[in-house]
Amino acid sequence: MKPALQCNVLIVSADTAYAAAMEAGLNHCAREQKNPYALRFVTQHAADTALEQAGTDPCLQSVFIDAASIDDAQDLGRALFALRAELDLFLVVDHVSDVDAVFHEVVDRGDENYNQLYRLVQSAIARRARTPFADTLRDYVYGAKDAWHTPGHSGGDSLRESPWVADFHQMMGEHIFNTDLSVSVQVLDSLLEPHSVIQEAQDLAAETFGADHSFFVTNGTSTANKVIMQSQLGSGGKVILDQACHKSVHHAVIMCGADPVYLRASVNETFGFYGPVPKADIIATLDANPDASLLVLTSCTYDGLYYDLTPIISHAHSLGVKVLIDEAWYAHGRFHPALRPTAVECGADYVTQSTHKMLSAFSQASMIHVCDPDFDEHRFREDLNMHTSTSPQYAMIASLDVARKQVSLEGFAQLQRCLDIAARLRQGINRTGVFRVLELEDILPEALAGDGIRLDPCKLSIDTRQSSLSAPELQLKLFENYGIQVEKVTHNTVSVLVTLGSTESKVHRLVYALEQLARKYHGQKKASQPRRNRPLPGLCDFACLPRDAYFGPVQDLPLVGEEHGANLQLVDAICADQVVPYPPGIPVLVPGQRITRAVLDYLLELYHGQSGIELHGLIEQGGLAHLRIVAGSASDN
Ligand SMILES: Cc1ncc(COP(=O)(O)O)c(C=O)c1O
């Protein structure tokens with residue numbers, strides 16, 4: 001059964017008579033007038049009980065703070081904002097003074113027109129409850145318009161009656177087709193030049209995520225990262241980036257002709273996790289490269305580690321370096337105090353988020369949040385459009401609008417539920433006595449111990465070392481025997497994500513499966529355990545810009561030389577491709593780097609070994625792996 005809608009509105013006043021009159025007056029309005037959000041007005045007489053309610057009441061949407069009777073009323077507003085950024089806060093005053101930006105509106109204390117106050121609360125919630133694009137799309141579809149425009153399936157009409165492909169139409173459902181429209185439909189605005197419903201939806205997203213501007217991206221954070229890199233670096237410029245950044249960031253370096261300075265990702269050798277970068281290294285690299293235009297970091301990482309970003313960003317800003325934080329895995333961070341602060345809240349200039357990874361948007365639906373005081377919107381728009389299809393998926397845009405509405409109105413409740421689920425799942429898994437969910441201390445490499453790094457509890461990495469199953473074997477058993485698909489594995493960990501879509505039944509099924517597998521595969525020794533992950537070899541020096549190596553004249557040389565050893569001609573040659581062992585997907589070579597013996601030996605070991613690690617970026621020729629290098633850069637050895 002769907003839970004009933006309810007919205008609580010809190011009046012915080014130490015003046016009992018005033019609060020009682022206001023509560024009674026507003027509840028009278030709620031009973032007598034239209035009440036689509038099921039508003040209910042309640043009172044707290046002190047700041048601490050108000051904060052307590054805000055920290056626990058999932059239905060709380062709005063708060064009136066009586067400045068005449070509550071000491072430091074604006075401080076209470078700020079504390080409420082720090083706890084729940086989405087709440088509509090109203091300051092009740094008897095004289096006008098400076099009002100903090102956390103307040104939605106100021107209300108005159110002498111005003112006993114409760115009808116008006118009631119409407120004020122309703123309209124603030126109604127604003128957050130709007131989904132301008134999704135609503136217009138629904139109205140358009142329900143208006144059943146004839147289509148003489150792209151896409152060619154024309155609302156699904158090309159498939160519906162076909163003896164060959166009608167089954168696809170039936171399986172996908174009619175709305176996947178009739179919501180698939182095009183820029184010809186002018187009432188749906190244009191993603192490339194938004195001025196009506198898409199712009200309104202983006203403005204609401206900016207309010208919700210605390211940014212100055214937000215942009216919808218329909219090709220994932222992979223594209224979002226490239227757009228920002230291009231807009232910040234243009235066709236050159238120095239960028240400081242984590243070696244373990246997503247490959248889209250490395251691709252952008254090539255595309256922009258950027259001059260990269262790599263930060264060495266930390267490695268947890270026991271479990272095969274990579275990142276983040278020690279704070280001291282980031283600060284030292286910034287100090288050594290004050291001419292850099294941009295710093296790019298990932299927070300949180302795939303495994304859920306997130307930085308104490310404020311000091312890092314402040315340091316970058318003190319040197320005039322802009323900051324892009326890839327929050328592909330952290331779009332939920334703003335909506336629960338246990339997860340804040342987000343990168344936007346820590347002062348990042350640009351933040352990319354895969355709304356689809358943790359929230360309710362369709363795959364590929366991402367957002368860019370901008371807080372750069374020097375933001376050049378015209379230039380940014382061109383960069384965004386260069387990477388955006390002129391035929392974006394409208395269902396994806398609608399899903400961004402709806403995902404934003406959801407977190408704005410029930411993000412706190414949903415994330416509290418996620419955190420509860422994560423805690424129960426953790427307990428259930430640990431109770432098996434064989435499988436164990438890793439704690440921050442297990443995951444964090446020693447070099448980062450004092451850096452204030454935290455772990456997102458929604459990302460659970462399960463240690464499989466006390467089982468006779470390797471992690472890939474456990475993954476397979478969960479899938480084949482129990483119908484459970486996990487997020488990813490290393491050699492000895494299996495990771496699961498708790499998202500807004502996680503349910504109690506899924507928790508029961510996963511814990512049940514792991515209990516059964518723990519009983520069966522406890523204590524048995526495997527003949528050959530897979531090897532632990534090796535540390536990455538040291539970073540190689542650059543001989544030229546990645547773009548010049550990638551686009552310039554190249555030649556291919558075999559990786560393997562005499563007697564299965566390394567081809568020594570490759571030592572000191574300039575790599576022309578990105579070479580990425582997968583997993584973990586972190587490049588050990590990017591175009592322009594001089595290949596060291598250590599990297600070569602590392603690649604060779606992976607190539608000859610039975611690690612199950614794929615080597616992306618090598619070329620297979622005549623059954624032999626080849627490396628693309630800058631023509632003429634090989635040694636004569
Ligand atoms: C850190 C990071 N950034 C960016 C991306 C790309 O995101 P998307 O799948 O939305 O393109 C990923 C994908 O997994 C990622 O892990």
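The values are calculated or read from the model by the stated rules, or taken from the named source; none is laboratory data. As the structure is a prediction and not an experimental result, all values here were calculated from the model. Methodologically, a virtual Cβ is constructed for each residue, glycine included, from the backbone with ideal geometry; neighbour enumeration extends over all protein chains shown. Heads up: the accessible areas ignore ligands, DNA and RNA and are worked out on the full protein's heavy atoms, side chains in. Shrake-Rupley method; radii C 1.70, N 1.55, O 1.52, S 1.80 Å.
Points to keep in mind about this one:
- Residue-by-residue Karplus 3J(HN,Hα) for segment 292-308, coefficients 6.51, -1.76, 1.60, Hz, glycine and proline x: 5, 8, 8, 10, 10, 10, 10, 8, 8, 6, 4, 8, x, 8, 10, 6, 7
- Per-residue Karplus couplings for segment 624-634, computed as 6.51 cos²θ - 1.76 cosθ + 1.60 with θ equal to phi - 60°, are listed in order as 10, 7, 10, 10, 8, 10, 5, 4, x, 8, 6 Hz, Gly and Pro entered as x.
- Only helices enter the 222 nm calculation for the chain: every DSSP H run of n ≥ 4 contributes -39,500 (n - 2.57), and dividing by all residues gives -11500 deg cm²/dmol, rounded to 500.
- Largest-first ordering by accessible area, 1.4 Å probe, given options Lys477, Lys322: Lys477, Lys322
- Compared with the dominant principal axis of the Cα atoms in the chain, helix 16-32 is inclined by about 80°.
- Comparing Cα centroids, segment 366-383 and segment 281-332 end up 18 angstrom apart.
- Long-range amide H partners of Gly272 with built H, under 5 Å: Asn533
- Under the criterion of Cα pairs below 8 Å and six or more residues apart, the relative contact order for segment 176-408 equals 25 percent.
- Whole-Å distance, taken between Cα centres, linking segment 142-217 and segment 416-451: 40
- Stretchable slack from Glu441 to Ala423, in nm (0.36 nm times residue separation minus alpha-carbon distance): 4.8 nm
- Cα gyration tensor shape for segment 176-408, rounded if a/c is under 1.5, else prolate or oblate: prolate
- The relative contact order of segment 7-129 comes to 27 percent, based on Cα pairs under 8 Å that sit 6 or more residues apart.
- Förster-model FRET efficiency, 56 Å R0, Glu620 and Ser314, C-beta, rounded to 0.05: 0.70
- When the surface is traced with a 1.4 Å probe over the full set of protein chains, Glu327 keeps roughly 0 Å² accessible.
- Amide proton proximity set for Leu263, modelled H, under 5 Å, gap of 5+: Leu241, Asp242, Gln243
- Overall form of segment 438-504 per C-alpha gyration tensor (a/c, 1.5; a/b vs b/c): oblate
- Three-way shape label, segment 1-69, alpha-carbon gyration tensor, a/c 1.5: oblate
- Label sites at Ser97 and Leu606, each approximated as a point 7 angstrom past Cα along Cα to Cβ, lie 6.1 nm apart.
- Net charge of the neighbourhood of Leu137, taken over other residues with C-beta under 11 Å away and scored Lys/Arg +1, Asp/Glu -1, is -4.
- Legend: distances between Cα atoms for Lys477/Lys506; Lys357/Lys488; Lys279/Lys459; Lys459/Lys488; pairs beyond 19 Å are Lys279/Lys459.
- If the chain linking Asn385 and Glu504 were pulled fully straight, counting 0.36 nm for each residue of separation and taking away their Cα-Cα distance, it would gain 38.7 nm.
- When you restrict to C-alpha pairs under 8 Å that are six or more residues apart and normalise by the size of the chain, the relative contact order lands at 11 percent.
- Other-chain or far-sequence residues with amide H under 5 Å of Thr342's (modelled H): none
- Hull shadow area, averaged, the chain [alpha-carbon convex hull, nm²]: 34.0
- Ranked by how many other beta carbons lie within 10 Å on average, peptides 103-110, 425-432 from highest: 425-432, 103-110
- Phi angles across segment 45-55 convert, under the Karplus curve 6.51 cos²θ - 1.76 cosθ + 1.60 with θ = phi - 60°, into 3J(HN,Hα) values of 9, 9, 4, 5, 6, 5, 5, 4, 5, 4, x Hz, Gly and Pro given as x.
- Cα-projected label distance for Met1 with Glu52, points at 7 Å along beta-carbon direction, nm: 3.0
- Modelled spin-label separation between Gln466 and Ala338, with each label point placed 7 Å from Cα along the Cα-to-Cβ direction: 2.3 nm.
- Relative to the longest principal axis of the Cα atoms of the chain, helix 504-520 runs at roughly 40 degrees.
- Simple point charges give the picture: +1 on the Cβ of Lys and Arg, -1 on the Cβ of Asp and Glu, and for the chain a dipole about the Cα centre of about 2260 debye.
- Degrees, to the nearest 10: 220-233 long Cα axis against longest axis of the chain: 80
- By DSSP, the beta bridges lying fully in the chain are antiparallel in about 50 percent of cases.
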